[in-house]
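Heads up: the structure comes next, in structure tokens.
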Amino acid sequence: MNERLRTDFNYNLHLLKNVPLEDAWLKMPIIKAIQDYPDELIGFNYVKTMSRANFSKGVHFYLDDYQFERVWNQPELYIEMLRKFYFVLTPDFSLYTDMPKPLQIYNVYRSRLLGAYWQSRGLNVIPTLSWSDKDSFDFAFSGLETDGVVSVSTVGVIRNQEAKKLWIAGMEEMISRIDPSVILLYGKPIEFKNDKAKIINIESTNMKKVK
């Protein structure tokens, strides 16, 4: 393999071959809107042990990054494993408020590219949305068609008042920008201004354990 091809594979540039890109300056990969969604989600860390009876569930990546970094490092390796499930959410690469903005953009890009690539391979993909502060809004909601199903999480937000304020601000901004038809909300609900999207509350793994 020559050095150019090695570089392309290291950055997954080969995945862009059949992926649509935005016209905006970021050229973010586009995840096409879908209208269907699962009633239940399971973590990516459980997909290897799931029986056929669980394939109607959606796979989520609301986990520590180290548990799913491998899907970025070897994307082709996990296609058939994920294809068994009716729905797959995009990876939730971290966006911390103290993280440099270029790295935040890169993590959004990685999530969008994997989602768009999975769609090109026939998977039903639901974009996972996250953001840090208000300065992240211009890229955190890029690469998404309007009027589709999206997913967000409140895990790690409830007990921190500043994080909660930023989460609410991001939710309201997201709804105004991409006008989703349905929001899958993973974790404990938080009240926010919403007169458009249907909210589907899904209990987190920890909530189920407490019960």
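Overview of results
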| item | result |
| --- | --- |
| Subset of the stretch 122-155 (residues that are part of a strand (DSSP E or B) and under 14 Å from Ser94 (Cα atoms)) | Thr128, Val152, Ser153 |
| Single residue of Asp98, Asp138 found to be under 18 Å from Ile30 (Cβ atoms), free of Cβ contacts under 8 Å to residues at least 12 places away in the same chain and surrounded by fewer than 19 Cβ atoms within 10 Å (Cβ to Cβ) | Asp138 |
| Residue tally, condition over 18 Å from Ser130 (Cα atoms) and touching a Phe, Trp or Tyr at 6+ places or on another chain (Cβ under 8 Å), over the stretch 23-41 | 3 |
| The stretch 1-10 - residue that is assigned to a helix (DSSP H, G or I) and over 19 Å from Tyr106 (Cα atoms) and, of those, most open to solvent (accessible area, probe 1.4 Å) | Arg4 |
| Meets criteria (among the hydroxyl-bearing types (Ser, Thr, Tyr) and at pLDDT 95 or above) for Tyr46 | no |
| Hits in the stretch 101-134 - residues which are without any contact (Cβ under 8 Å) to a residue 24 or more places away in the chain and touching a strand residue (DSSP E or B) at 6+ places or on another chain (Cβ under 9 Å) | Ser111 |
| Hits in the stretch 11-66 (condition: hydrophobic (A, V, I, L, M, F, W, C), assigned to a loop (DSSP other than H, G, I, E, B) and within 27 Å of Phe139 (Cβ to Cβ)) | Val19, Ala24, Trp25, Leu26, Met28, Ile30, Ala33, Ile34, Phe61, Leu63 |
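Matching residues to (1) in contact with a strand residue (DSSP E or B) (Cβ under 9 Å, 6 or more places away or on another chain); (2) farther than 30 Å from Lys84 by Cα; (3) buried (at least 18 other Cβ atoms within 10 Å of the Cβ):
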position: Val155; (1), (2), (3): yes, no, no
position: Ile178; (1), (2), (3): yes, no, yes
position: Val182; (1), (2), (3): yes, no, yes
position: Lys193; (1), (2), (3): no, yes, no
position: Ile200; (1), (2), (3): yes, no, no
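Residue-wise test of (1) open to solvent by less than 30 Å² (accessible area, probe 1.4 Å); (2) out of contact with any helix residue (DSSP H, G or I) (no Cβ under 8 Å at 6 or more places or on another chain).
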| residue | (1), (2) |
| --- | --- |
| His14 | no, no |
| Leu26 | no, no |
| Pro38 | yes, yes |
| Thr49 | no, yes |
| Ser56 | no, yes |
| Leu63 | no, no |
| Gln67 | no, no |
| Pro75 | yes, no |
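Okay, residues lined up against (1) within 25 Å of Lys48 (Cβ to Cβ); (2) at pLDDT 95 or above; (3) open to solvent by 10 Å² or more (accessible area, probe 1.4 Å):
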position: Thr90; (1), (2), (3): yes, yes, no
position: Trp118; (1), (2), (3): yes, yes, no
position: Leu144; (1), (2), (3): no, yes, yes
position: Asp147; (1), (2), (3): no, yes, yes
position: Val150; (1), (2), (3): no, yes, no
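The values are calculated or read from the model by the stated rules, or taken from the named source; none is laboratory data. Just so it is clear, the structure is predicted and the values come from calculations on it, not from any experiment. For neighbour counting, all protein chains shown are included, and Cβ atoms are generated from backbone atoms with ideal geometry for every residue, glycine included. When the accessible area is computed, the model is the full protein with side chains, heavy atoms only, and any ligands, DNA or RNA have been set aside. Shrake-Rupley method; radii C 1.70, N 1.55, O 1.52, S 1.80 Å.
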